[in-house]
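Asks: Take this structure, written in structure tokens, and hold onto it; I'll ask about it next.
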Amino acid sequence: MLSGEASWDGVDAALASHGDFLRRWCEEHEVQTNEVQRSWALLPGFLSVADGRPLELLELGPSAGLNLLWDRYRYRYSSGTWGSGALALSGDDRRPPPADLLGRSVEVVRRRGVDLSPVDVTTEHGARLLQAFVWADQTSRLDRLRRALDVVRGEPPELIRGDYVEALPALLSDRVAGAQLVVYQTASTMYLDRRGAERMRHALRDAGREEPLVFLTTGRAPDDDGFALELERFPDGRSQRLAVFDFHGEWLDWGR
């Protein structure tokens, strides 16, 4: 349907005539999404660690890297605005971030992401693949995704194919001098087994001993009500809950 070869009005005929292709496609592709709306919930977290130094970003499980370009979007909250990008992100900020936080500016000097199956949306196939995993009736979400794809095509981040648990020690040892390293993830560590999670934290702690870093991460919120956004500082592992937000970033409860 994204290619124009079928439509919802003729879905039965499309399933019959393209059945072989659809079965093969489902066998060959694992679900791979990249919800850019989450950047609306993550932005105040990034601003919380801004200390005047430029930021170096390392995302774990970035998919196509849409949330690696969070500083290229425009944001609206009931307490203020931030940024000037062509893509505007907003939502239901039940408890908004403080206005003075939105007054901070940042400079990003490097952005990298590590994913088992990164999606190259600079290609037509990659762009279609990402759109294929959005429900067809979610037209506003599809429109937002397509706008984000335009931003990514203009400045593609560095996406590395691999297991980030294995890759972390080497990546963390390669740092930009004078920058604040921010490692972050949304909805990827939940797929790690216990040993993988321990190895990840061990790598963060070891790298933090060489030079402190911060880890912005999400986990299930109490009562399974969205994601809890946590800020952890290494090497000591101090943790601070910053907010709770909807799994797809539709609402934000800052300071909860």
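Asks: So, in region 94-114, of the ones that are within 20 Å of residue 59 (Cβ to Cβ) and touching a residue at least 60 places away in the same chain (Cβ under 8 Å), which residue ends up surrounded by the most Cβ atoms within 10 Å (Cβ to Cβ)?
Replies: Only one residue tops the list, namely 106.
Asks: Tell me whether region 42-63 contains one or more residues that are among the aliphatic types (A, V, I, L, M), part of a loop (DSSP other than H, G, I, E, B) and out of contact with any Pro (no Cβ under 9 Å at 6 or more places or on another chain).
Replies: Yes, region 42-63 has at least one match.
Asks: For residues that are free of Cβ contacts under 8 Å to residues at least 60 places away in the same chain and touching a Phe, Trp or Tyr at 6+ places or on another chain (Cβ under 9 Å), tally how many sit in region 169-186.
Replies: 0
Asks: Hey, another quick one. Looking at region 179-234, which of its residues are under 21 Å from the mean Cα position of the chain (by Cα), at pLDDT below 95 and part of a helix (DSSP H, G or I)?
Replies: 190, 191, 224
Asks: How many residues are touching a residue at least 40 places away in the same chain (Cβ under 8 Å) and within 23 Å of residue 56 (Cβ to Cβ) when one looks only at region 115-148?
Replies: Qualifying residue count for the region: 7.
Asks: Residue 93 is checked against (1) more than 18 Å from the chain's Cα centre (by Cα); (2) at pLDDT 95 or above; (3) assigned to a loop (DSSP other than H, G, I, E, B) and fails just one. What number does that condition carry?
Replies: Going through the list (1) more than 18 Å from the chain's Cα centre (by Cα); (2) at pLDDT 95 or above; (3) assigned to a loop (DSSP other than H, G, I, E, B), residue 93 breaks only (3).
Asks: Taking region 68-87 as the region of interest, how many residues are touching a Gly at 6+ places or on another chain (Cβ under 8 Å), assigned to a strand (DSSP E or B) and not small (Gly, Ala, Ser)?
Replies: Final tally of qualifying residues: 2.
The values are calculated or read from the model by the stated rules, or taken from the named source; none is laboratory data. Source: prediction; values computed, not measured. Glycine gets a Cβ as well: all are built from the backbone with ideal geometry, and neighbour counts include every protein chain shown.
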